[in-house]
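What follows is a set of notes on a single structure, which appears directly below.
The values are calculated or read from the model by the stated rules, or taken from the named source; none is laboratory data. Keep in mind it's a predicted model, so treat the numbers as computed, not measured. As a convention, Cβ positions derive from the backbone with ideal geometry for all residues, glycine included, and neighbour counts pool all protein chains shown. Heads up: the accessible areas ignore ligands, DNA and RNA and are worked out on the full protein's heavy atoms, side chains in. Shrake-Rupley method; radii C 1.70, N 1.55, O 1.52, S 1.80 Å.
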Amino acid sequence: MSEYYFDGKGKAFRPIIVVLMARACNIHHNNSRDVQADQRSIALIAEMIHTASLVHDDVIDDASSRRGKHTVNKIWGEKKAVLAGDLILSAASIALARIGNTTVISILTQVIEDLVRGEFLQLGSKENENERFAHYLEKTFKKTASLIANSCKAVSVLGCPDPAVHEIAYQYGKNVGIAFQLIDDVLDFTSCSDRMGKPTSADLKLGLATGPVLFACQQFPEMNAMIMRRFSLPGDVDRAQQYVLQSDGVQQTTYLAQQYCHEAVREISKLRPSPERDALIQLSEIVLTRDK
């Protein structure tokens, strides 16, 4: 069960970023291209924490497909799926403890707290329209970007003693992570299920108001009532989808993602030039143009 999603079918987006960041920071510090064993472990730990969160999310959402196949909970049931997610997290915790660096342990345990707090934020909603977008971005940071930001910071701590470099790594990961999720929320409206490997319009069906919905709501205020009842009435999901596609919600969310990516590029450009630094710049552009 725990090995089910470790089949090489995922994007491996997080470990790729982490290894590239490790090399970029090492080169910046002492011109070393080698990735330390502990830095490589952080890349593995990041993917394990991410995978555990997917298993648990699928239980909470009662999801039936992920990465183009049935979810753990649909095959083995909810109880075993929860335990499988816990087992992956415990394996990540053991690997983290083996690194033996208290600063790195503190950085990555923050990720697990953020994931849980982010899930609680997603379960709630704000009545005040002005607070909704801040709530959405905070949830997005905690559920998606925190893992990327803190994993990047962790490898920078292992490779370079300069706190300024740690902040560059963190800010790059944070901004790319938020952009990644914003585009994910766009693709929920613009991509097909076969391409994504999971059902589209899934967020609306779960009662979630993401960026495209919140922007569309500014043009169609009648969506407010639907957001507050979490699209629970018959026809709400279809109507909300139509409002989003008639509005510029998709375009505005994409533009916001571009702003976050520009900030990520601005941060990483502070490091010494290297192929790895350039690859991180290119990766931020790929985040914006991906279609799955």
* Only residues in the stretch 164-182 that are more than 13 Å from Val287 (Cα to Cα) and aliphatic (A, V, I, L, M) count as the first member; pair them with residues that are open to solvent by 20 Å² or more (accessible area, probe 1.4 Å) and assigned to a helix (DSSP H, G or I), Cβ under 8 angstrom, at least 6 apart or cross-chain, and list the lot. => Val165/His28; Val165/His29; Ala169/Lys153
* Quick one: in the stretch 18-33, of everything that is touching a Gly at 6+ places or on another chain (Cβ under 7 Å) and not polar (S, T, N, Q), which residue is surrounded by the fewest Cβ atoms within 10 Å (Cβ to Cβ)? => His29
* To do: Being assigned to a helix (DSSP H, G or I), of a type in the set (Gly, Ala, Ser) and surrounded by fewer than 21 Cβ atoms within 10 Å (Cβ to Cβ) narrows it down to one of Ser106, Ser156, so name that one.
  => Ser106
* If Pro15 satisfies every condition in (1) touching a residue at least 60 places away in the same chain (Cβ under 8 Å); (2) under 26 Å from Ala164 (Cβ atoms) but one, which is the exception? -> (1)
* Does the stretch 178-187 contain at least one residue that is part of a helix (DSSP H, G or I) and among the charged types (D, E, K, R)? -> yes
* Asked: So which of Leu123, Leu115 is open to solvent by 70 Å² or more (accessible area, probe 1.4 Å) and under 24 Å from Ala257 (Cα atoms)?
  -> Leu123
* Quick one: in the stretch 34-59, which of the residues that are over 17 Å from the mean Cα position of the chain (by Cα) and in contact (Cβ under 8 Å) with a residue 24 or more places away in the chain is most open to solvent (accessible area, probe 1.4 Å)? -> Gln36
* Asked: Within the set of pairs 6+ apart or on separate chains, which have a first residue in the stretch 204-227 that is under 14 Å from Ser125 (Cα atoms), a second that is open to solvent by less than 50 Å² (accessible area, probe 1.4 Å) and acidic (Asp, Glu), and C-beta atoms under 6 Å apart?
  -> Leu206/Asp61; Thr210/Asp185; Thr210/Asp203; Gly211/Asp185; Met226/Asp236
* Structure fact -> Residue hits (the stretch 13-43; part of a helix (DSSP H, G or I) and closer than 19 Å to Ser106 by Cβ) are Val18, Met21, Ala22, Cys25, Asp38, Gln39, Ser41, Ile42, Ala43
* Structure fact -> All-but-one check, Ser269 against (1) within 23 Å of Phe141 (Cα to Cα); (2) touching a helix residue (DSSP H, G or I) at 6+ places or on another chain (Cβ under 8 Å); (3) in contact (Cβ under 8 Å) with a residue 40 or more places away in the chain, failing number (3)
* What single numbered condition from (1) modelled with pLDDT of 95 or more; (2) more than 23 Å from Val104 (Cα to Cα); (3) open to solvent by 10 Å² or more (accessible area, probe 1.4 Å) fails to hold for Ala202? -> (1)
* Asked: Which of the residues belonging to the stretch 228-244 are modelled with pLDDT of 95 or more, of a type in the set (A, V, I, L, M, F, W, C) and in a helix (DSSP H, G or I)?
  -> Val237, Ala240, Val244
* Subset of the stretch 246-278 [more than 19 Å from Asp185 (Cβ to Cβ) and crowded, with 19+ Cβ neighbours inside 10 Å] -> Glu267, Ile268, Leu271, Glu276, Arg277
